[in-house]
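Contents: one structure, followed by commentary.
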Amino acid sequence: MYNPNPMKRTLLVALSVFISYCSIAQPSEEGLVKWLSFKEAQELNKKQPKPFLVDVYTNWCGWCKHMMKTTYSNPNIAGYINQYFYPVKFNAETKDTIEYNGKVYKTTSPDNPKAPHELAIKFLGQSLSYPSTIFVSNNFEFNLLSQGFLEERKLEPLLIYTVENIFRSSAYEDFAKQFDHTFYDTNFVKAPVKVYSMKEVEKLQKKSRPGATKKILVNIYAGFCNSCKVQTNTTFKDTAIANYINKHYYLVNFDAESADTVMFRGEKCYKTVVNGYPFNSFALKATNNRLSFPTIAVLDDKQNTLDALNSFLTPGALLPILKFYSEDKYKTMPWAEYIKAYNEKKL
């Protein structure tokens, strides 16, 4: 389903339900996004949690109108937002009283038509520039502010960063850089990393002399996971990471939706329905049932699971983890102690 258009490569897989809508709907002054009020969005979030996208605008803001006519009129962008967010269009100078996350916000001056709303000040602080876009997690604990006009290319990584919870493990700037390397700047330096199947790994393990067998990394991904694509195409191909893996690990790239039969720990693993979704049971067994996306399972030379890394990882974050397990430090010290010493360059 992937298309040479970068936006469609990253997001169209998730937009099939919007194809008919997007082919018929015509952009309006509000684009193709199905905007909600704060009240509507918060009520819906109680029933089905999703992150919020808040478009902060004013009636006199020309770039706000331009963003509606361009970025928010892109069928792929609008479809992704409509499916994965509760989008809210918020006039920063409204006179309405708004309840947001249990607190009430009002205008700062009923008589001044351009007075900022208290909620606009909460979101933007003293930097009241428009348009501004706020990305909020469904539990209101994470907020990301992007100010200024956002073309499609700039908005794409912001959407994925929020929807796939990448904020839990990586700074946005780090993810955006790797996202760009994956889908746009494909000329950045990559290092070759050797990839094996589990069948090949088993054969190599049998041939290895005792004590010399490498540990195994299973990079588990799915077609709908955009951060999986980014991690596979950047983190694993970083020079330092690729060289270290080639020397100390067997890397297995595994599609969790694969219909292949995989032998693992003497058992046959195959595609089955898990919580209503078809996944290969190998992905579940390799992670000790701690599967999310992306995940890297770390296995010892006997295929026992040492860890399941359930988050997007940059090269800088992954390298000490690789060393922690390949050097068997996990046997003698806790991770917190190890990473403290590592960061202080004592290891």
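Helix-only arithmetic for the chain: the sum of -39500 (n - 2.57) across DSSP H runs with n ≥ 4, divided by the residue total, places the mean residue ellipticity at 222 nm at -10000 deg cm²/dmol. Here the extension length gained between L204 and A171 equals 8.1 nm, from 0.36 nm per residue of separation less the Cα-Cα distance.
Going by neighbour counts of Cβ atoms within 10 Å, the residues T213, T239, T314 line up, fewest first, as T239, T213, T314. Neighbours of N59 by Cβ distance under 10 Å: Lys/Arg scored +1, Asp/Glu scored -1, total +1.
Pairs with C-alpha atoms separated by more than 20 Å, drawn from the list K46/K95; K206/K331; K194/K247, are K46/K95; K206/K331.
Between the listed residues Q205, Q303, Y330, the Cα displaced farthest toward the positive end of the dipole of the range 198-343, a dipole computed from Cβ unit charges relative to the Cα centre, is found at Q205. Candidate values (1) 1.15; (2) 0.99; (3) 0.93 were compared with Cα Rg over 2.2 N^0.38 Å computed on the shown model; the agreeing label is (1).
When only Cα pairs below 8 angstrom with a gap of at least 6 residues are kept, the range 6-163 shows a relative contact order of 27 percent. The stretch between E344 and T70, if pulled fully straight at 0.36 nm per residue, gains 93.8 nm over its current Cα-Cα span. Across the chain, Cα pairs under 8 Å and at least six residues apart give a relative contact order of 13 percent. Sites listed here are GluC sites (Glu not before Pro) in the range 61-159 whose DSSP assignment is loop and whose Cβ has at most 15 other Cβ atoms within 10 Å: E141, E151.
Per-residue 3J(HN,Hα) values for the range 221-235, derived from phi via the Karplus relation 6.51 cos²θ - 1.76 cosθ + 1.60 with θ = phi - 60°, read 9, 9, x, 7, 8, 6, 5, 4, 4, 5, 4, 5, 8, 10, 4 Hz in sequence order (x marks Gly and Pro).
For the chain, the dipole from Cβ point charges (+1 on Lys and Arg, -1 on Asp and Glu) about the Cα centre works out to 1220 debye, to the nearest 20. Remark: T71, T94, T261 ranked as T261, T94, T71, counting other beta-carbon atoms within 10 Å and listing the fewest first. Footprinting exposure proxy ranking of H117, H181, H66, H248, fewest other C-beta atoms within 10 angstrom first, gives H66, H248, H181, H117. Exposed loop positions in the chain were taken to be chymotrypsin sites (Phe, Trp or Tyr not before Pro) whose DSSP state is not H, G, I, E or B and which have at most 15 other beta-carbon atoms within 10 angstrom. Between these positions, the longest stretch is 61-139.
Read the figures in this text as sums done on the coordinates, not as results from a lab. Note that the structure is predicted; figures quoted are calculated from it, not measured. Cβ: placed from backbone, ideal geometry, glycine included. Neighbour counts: every protein chain shown.
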